[in-house]
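Scroll down for the structure; my scribbles are underneath it.
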Amino acid sequence: MIVNKKSDGEVILRTAWGCFELQRLPKRSKELLRAWDAADEYLLNTVHKIIKPNEDNNLLIFNDSFGALAVTLHDLNPCVVSDSYLSQTATRLNLASNKLAETKMILLNSLEPLSGYFDYVLIKAPKTHAFLEDFLIRLLPVIDIKTQIIVAGMVKTLTASVWKLLEKLIGNTTTSLAKKKARLIFVKPNSQRNILTLPKPIYYSLENTNYSLCNYANIFSRERLDIGTRFLLANLPYLPQVKNIVDLGCGNGVIGLMLAEKHPQARLHFVDESFMAIASAQENFERAFNKSDNAQFYVTNALSEFTLESMDLIVCNPPFHQQNTLGDQIALTMFQQAYKVLKKGGQLWVIGNRHLGYHQRLKKYFQVSKLVASNSKFMIISTIK
Ligand code: SAM
């Protein structure tokens, strides 16, 4: 029998398919949040009545959070598409902790092409309209009128724009009753659907420069420069001696790009857990400098792959949520790792909303910290190891 570990939050997902132990990533010593939500439970219990396990079904899962859907439905050998390194890694870990093999499951990132045909498509509604649209366009060539598509989400995330998009691109929708604030949308593909050309990134001009920035669908502030990022760009460090600079949580890489311009002697390291972010950052760097031999690109969890005491400067506009959960946990982990990865005398520069109190948090690791600039919304803090 599987039992919950004492002192931790709930880790056993119980559905009509059975019980599975599931953990979130990054791991925290006292995790209170579950690795699934009511929408996952509702979806899994509903598809149990629809999908016959012994039939030869082709199942596609999109935007699973930490593997709740993929692990529970592993017997159906699903193809699992995600833009998140943490989600993919959590899926692998959760398969292993339930003693399930990954071999027959296909894990794809959000930019890899879909092929074949799918009988069932289970979609966990993503946070942004653009990312859902991008996926639906990629989906069109691999479904037909028999494909059953179900979109699951918490009621607050399933806005009218989600319905409109599904009806515009795929076909008629019907809706379930809400259960524990979760809802399902059933989508029936139209017989005549326009197969659209694969989605392309969008570009905007970076003010006061000649750069045009590439942004794939799941990028933070993809249509325009974020106001916090703009404030940071106006106050970037200039340290002519540094050799290795990290743009931590780089998004489209705009911070690293402007740091590279100011520090032509340095090697840039772009880090993000989103595949689309790193694809955007790489394209932006290569277009700006006609090469990428002075830069490295990492799809990974923060600084976990970096050697201790190896970097001179880390600049970070940290995430303030993970999927739909707000919080500073990832930011705090980034600060702690930055301290370890910086050489002695190395610097971490951080921007944050004033109310987040990052200046206090940074004091836990760095003895020297300085307020570089502030306005009514943001503070930029520099620290020295
Ligand atoms: N630097 C970009 C800018 O200023 O426009 C993006 C900043 S955005 C507030 C935070 C970024 O951190 C997002 O691109 C997000 O994908 C990334 N991120 C979130 N969790 C991460 C993690 N565990 N490791 C690496 N990057 C992460």
(Q) Under a Cβ-only charge scheme (Lys and Arg +1, Asp and Glu -1), can you give me the dipole magnitude of the chain about the Cα centre, in debye to the nearest 20? (A) 1160 debye
Q) Counting only DSSP beta bridges with both residues in the stretch 12-189, what percent are antiparallel, rounded to the nearest 5? A) 50 percent
Q | Antiparallel bridges, percent of DSSP beta bridges restricted to the chain (to nearest 5) | A | 50 percent
**Q.** Neighbour-limited loop hits for GluC sites (Glu not before Pro), the stretch 194-261 (at most 12 other Cβ within 10 Å; DSSP other than H, G, I, E, B)
**A.** 207, 223
Q: Place the peptides 269-278, 61-70, 147-156, 77-86 in order of packing, highest mean first, counting for every residue the other Cβ atoms within 10 Å and averaging per peptide.
A: 61-70, 269-278, 77-86, 147-156
Q.
Checking the cross-link filter: which lysines have an alpha carbon closer than 20 Å to that of residue 164, excluding same-chain neighbours under 8 positions apart?
A. 124, 127, 156, 188
Q.
Give me the percent relative contact order of the stretch 12-189, please, defined on Cα pairs under 8 angstrom at least 6 residues apart.
A. 21 percent
Q: Return a whole-number percent for the relative contact order of the stretch 235-366, with Cα pairs under 8 Å and 6 or more residues apart as the contact set.
A: 23 percent
Q) What number comes out for the charge environment of residue 173, summing +1 per Lys or Arg and -1 per Asp or Glu over other residues with Cβ under 12 Å away? A) +3
(Q) If I compute solvent accessible area with a 1.4 Å probe over the protein chains, what percent of it on the stretch 279-385 is carbon and sulfur? (A) 49 percent
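The values are calculated or read from the model by the stated rules, or taken from the named source; none is laboratory data. Just so it is clear, the model here is predicted, and its values are computed rather than measured. Here Cβ is always computed from backbone atoms with ideal geometry, including for glycine, and neighbour counts include all displayed protein chains. We work out accessible area using only protein heavy atoms, side chains counted, and drop any ligands, DNA or RNA first. Shrake-Rupley method; radii C 1.70, N 1.55, O 1.52, S 1.80 Å.
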